[in-house]
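Take a look at the structure set out below.
The values are calculated or read from the model by the stated rules, or taken from the named source; none is laboratory data. Computed from a prediction, not measured in an experiment: that's the story for all the values here. Note that each Cβ is placed from the backbone with ideal geometry, even for glycine, and that neighbours are counted across all protein chains shown. The protein model used for the area step is the full one, side chains on, heavy atoms only, and it has no ligands, DNA or RNA in it. Shrake-Rupley method; radii C 1.70, N 1.55, O 1.52, S 1.80 Å.
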Amino acid sequence: MQELVSRRTTLSDFSSGIELFVQGLAKKVLVANNVAVVADTVYALPDDRLSTVAAWLGAVAYMLQIYFDFSGYSDMAIGLGRMFGFHFLKNFDYPYISRSASEFWRRWHISLGTWLRDYIYIPLGGSRHGRWRTVANLFAVWALTGLWHGANYTFICWGLMFFVVILFEKVTRFEHWRAGLLRWGWTMALVLCSFVLFRSETIGEAVTHLGAMFSGGASDDGLAMFLLHEHGTALLAGALLSFPIGRWCARLAGRWRYGDWIKLLLLAVLLVVSLSYVVRGAYSPFIYFNF
């Protein structure tokens, strides 16, 4: 708010803004748009053609698509703002390394989570008025989180699913369990299933998709193998870049004599390749333009 009245533009901010914008653009056009082809193809399949492999592939592809699409959009917006003197907080912090649902929501769509905490949960009383009042406040927050995405039963159930999971974590003190790898696997499985519900048009479609994933569907995996062959590189890149590999590489490059020049070269390559995809590709709107 203060920067709307008085702000400074500096060369340092402008250059870091360009860097963020290029990273966000690459996330969108090189990763999100490519894995979207896999997700859209699988979710468009009739029930009798949805094999177990295809169902898992589509679920993983959409999980990667929504992260790289929305975090790419956020990086581009934050980068553009920084070029002109606006300093927005980051909106994603590698959510797929989370080891609990609570941690996932501290890393995912941070601006929405912060707003709901500050303007809904805390004004309702937060956790200051006893156990049952806390449960009621959590229910209100997660019901509103679902409704914020749309007046559809799938979104409401998606929000209430996280209410149940986070309530379970608070009761069992899940975040204090020592088995970090198992907690990560459990959390990612829950997130994956939640995005199946989020992506489906109806609850029935979500149940069918989850049923194909866990109880077996059609036996023909030819389409799944074709999608893996055509878009396997984007899926692998998305899976790897969901971890803070870029942050580790940046720290390593900072120790090299020519690290800054290497980073500049990589950003230039990313920009050129991303623009080439934009020029030759079809229009693909951001997912969150729907909400």
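Brief remarks on what is shown
- Helix-derived mean residue ellipticity, 222 nm - over the chain, DSSP H n ≥ 4, -39500 (n - 2.57), to 500: -22500 deg cm²/dmol
- Placing a label point 7 Å from the Cα of Ala151 along the Cα-to-Cβ direction, the residues of the range 256-291 whose backbone N falls under 18 Å of that point are 290-291.
- Inter-centroid distance (Cα atoms) of the range 22-76 relative to the range 153-174, Å: 24 Å
- When the chain is treated as a GNM with alpha-carbon contacts under 10 Å, the residue of Leu265, Leu64, Leu192 showing the greatest mean-square fluctuation is Leu265.
- Where labels lie 7 Å past Cα in the beta-carbon direction, separation of Val207 and Ser284 in nm: 3.3 nm
- Note on percent of Cα pairs over 27 Å apart: of the candidates (i) 48; (ii) 40; (iii) 37, the value calculated from this structure sits at (i).
- Descending semi-axes in Å of the range 19-130, equivalent ellipsoid built from Cα gyration tensor: 30, 23, 10
- Exposure ranking of Lys263, Lys90, Lys27 by accessible area [1.4 Å probe, largest first]: Lys90, Lys263, Lys27
- For Leu252 and Phe168, the FRET efficiency from 1/(1 + (r/R0)^6), where r spans their Cβ atoms and R0 equals 45 Å, is about 0.70.
- Kyte-Doolittle at least 1.6, axis length at least 18 Å by Cα - qualifying DSSP helices, the chain: 153-172, 259-280
- For the chain, carbon and sulfur atoms together expose 66% of the accessible surface, with a 1.4 angstrom probe and every protein chain in place.
- Protection-proxy order for peptides 52-63, 12-23, each taking the mean of Cβ atoms within 10 Å per residue, highest first: 52-63, 12-23
- Charge dipole (the chain, unit charges on Cβ, about Cα centre) - positive-most of Thr9, Tyr283, Gly81: Thr9
- Base-10 log of normalised Debye intensity for the range 167-244 (one unit scatterer per alpha-carbon) at q = 0.14, 0.23 Å⁻¹: -0.73, -1.21
- Taking the range 1-145 and dividing mean pair separation by its residue count, relative contact order in percent (alpha carbons under 8 Å, at least six apart): 24 percent
- Inter-centroid distance (Cα atoms) of the range 175-199 relative to the range 79-111, Å: 19 Å
- Relative contact order of the chain, defined on C-alpha pairs under 8 angstrom at six or more residues apart (%): 28 percent
- The charge dipole of the range 134-210, taken about its Cα centre with unit charges on the Cβ of Lys, Arg, Asp and Glu (plus for the first two, minus for the last two), comes to roughly 300 debye.
- With the simple spin-label model, which puts each label point 7 Å out from Cα in the Cβ direction, the Leu89 to Trp261 separation comes to 4.0 nm.
- Rounded accessible area of Leu190 (nearest 10 Å², 1.4 Å probe): 30 Å²
- Of all lysines in the structure, the ones whose alpha carbon falls short of 25 Å from that of Lys263, not counting any fewer than 8 places away in one chain, are Lys27, Lys28, Lys90.
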